[in-house]
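S.K.: First the structure, which I've put down as C-alpha cells, then a few questions once you've had a look.
We did not get these values from a lab; they are worked out from the coordinates using the rules stated. Computed from a predicted model, the values in this text were never measured in an experiment. When we count neighbours, we look across all protein chains shown, and the Cβ atoms used for this are built from the backbone with ideal geometry, even at glycine.
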Amino acid sequence: MAAEPAIAPDIPGDPEQELGDPESVARAICLRQLAQRARSRAELADTLRRRGVPDDAAGRVLDRFVEVGLIDDAALAAGFAAAQHEERGLARRAVAVKLRRRGLAEVADAAVAGIDADKERARACELVARRRPALAGLAPDVQARRLVGLLARKGYPAGLAYAVVRDALGADDSWAGGEPPD
C-alpha cells in the first residue's frame with residue numbers, strides 16, 4: 001500500500017506542519033498565496049493539490065473563501081482582462097487565452113466582453129503609432145510587415161492588423177496601399 005503524501009515537508013518551525021489538520025493547512029496556504037496577489041480558485045486548488053492537501057479539505061476551504069469573497073474569479077478575470085488590453089495592448093483573443101491558462105475559462109467570455117471592436121481597433125492604432133517612429137528609416141513595405149507582425153503577436157485578427165497598418169502608412173503617402181507584402 002502506498003504511503004499518503006505528506007501535507008508539508010519536515011521543515012523546523014514550519015507553521016503548516018504545526019497546524020496539523022488538512023483544513024487549517026489549506027487555509028494557511030491559501031491566505032499566504034492570496035497575500036501575494038489575487039488568485040483564481042483553480043490556481044489555489046492546484047497549489048493545494050501540489051502541497052498534498054486532500055481534495056475534500058481543499059474544496060471546503062475554497063468554497064468558504066468564495067463565500068466570504070476572498071476568491072472572486074469573475075472580478076479577477078475582469079480586472080485582468082482590462083489590464084492586459086490597456087497596459088499590454090493585447091487583443092480580445094489573446095486576453096481570453098491568458099484567462100483560460102489561469103483557470104478562468106468559465107468567466108473568460110464575460111471578462112473579454114468589455115473589449116469591443118472599437119476599443120480593439122483604437123488600441124491597435126495606438127500600438128502602431130507608438131512603434132512607427134522607431135521604424136521611420138525603413139522602407140514602407142518593411143514597416144508594414146513589422147507593424148502587422150507586432151499586431152499579430154498581440155493577438156489582433158489579420159484583417160484588422162492590415163487595415164490599421166494600411167491607414168497608418170497611407171496617412172503619410174509613403175506606402176501605395178493595397179495589401180502589405182508577406
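S.K.: Karplus couplings for the stretch 58-68 from phi (6.51 cos²θ - 1.76 cosθ + 1.60, θ = phi - 60°), rounded to Hz, Gly and Pro as x?
M.R.: 4, x, 5, 5, 5, 4, 5, 5, 5, 4, 8
S.K.: In nm, give the distance between the simple-model label positions of R153 and D167, each being 7 Å from the Cα along the Cα-to-Cβ direction.
M.R.: The two pseudo-label positions are separated by 2.3 nm.
S.K.: If you don't mind, another one. How would you order 160-167, 108-115 from highest to lowest mean count of nearby Cβ atoms within 10 Å?
M.R.: Result, highest mean first: 160-167, 108-115.
S.K.: Moving on to the next point. From zero outward in steps of 10 Å, how is the percent of C-alpha pairs of the stretch 44-182 spread across the bins?
M.R.: The calculated distribution, bin by bin, is 12, 32, 23, 16, 10, 6, 1.
S.K.: According to the square roots a ≥ b ≥ c of the eigenvalues of the Cα gyration tensor, what is the shape class of the stretch 49-91, taking rounded for a/c under 1.5, prolate for a/b larger than b/c otherwise, and oblate for the remainder?
M.R.: oblate
S.K.: Hey, what does the equivalent ellipsoid look like for the stretch 117-170, semi-axes from the Cα gyration tensor as sqrt of 5 times each eigenvalue, largest first, whole Å?
M.R.: Semi-axes (√(5λ), whole Å): 17, 11, 10.
S.K.: For each of R132, R101, count neighbouring Cβ atoms within 10 Å of the residue's Cβ, then give the residues from fewest to most.
M.R.: Exposure proxy ranking, most exposed first: R101, R132.
S.K.: In nm, to one decimal, how far is the modelled label at L160 from the one at D116, with both set 7 Å along Cα→Cβ?
M.R.: In this crude label model, L160 to D116 measures out at 1.4 nm.
S.K.: What is the fewest-to-most order of S24, S40 by other Cβ atoms lying within 10 Å of their Cβ?
M.R.: Listing S24, S40 from fewest to most nearby Cβ atoms yields S24, S40.
S.K.: With a 10 Å Cβ neighbour count serving as the proxy for reagent exposure, in which order, fewest first, do K98, K154 appear?
M.R.: So the residues, fewest neighbours to most, are K98, K154.
S.K.: Which whole-number value in Å³ per residue fits the convex hull of the alpha carbons of the stretch 61-138?
M.R.: Once divided by residue count, the hull of the stretch 61-138 is 98 Å³.
S.K.: Same structure, new question: Could you compute Rg(Cα) / (2.2 N^0.38 Å) for the stretch 73-112, with N its residue count?
M.R.: For the stretch 73-112, the normalised Cα radius of gyration comes out at 0.95.
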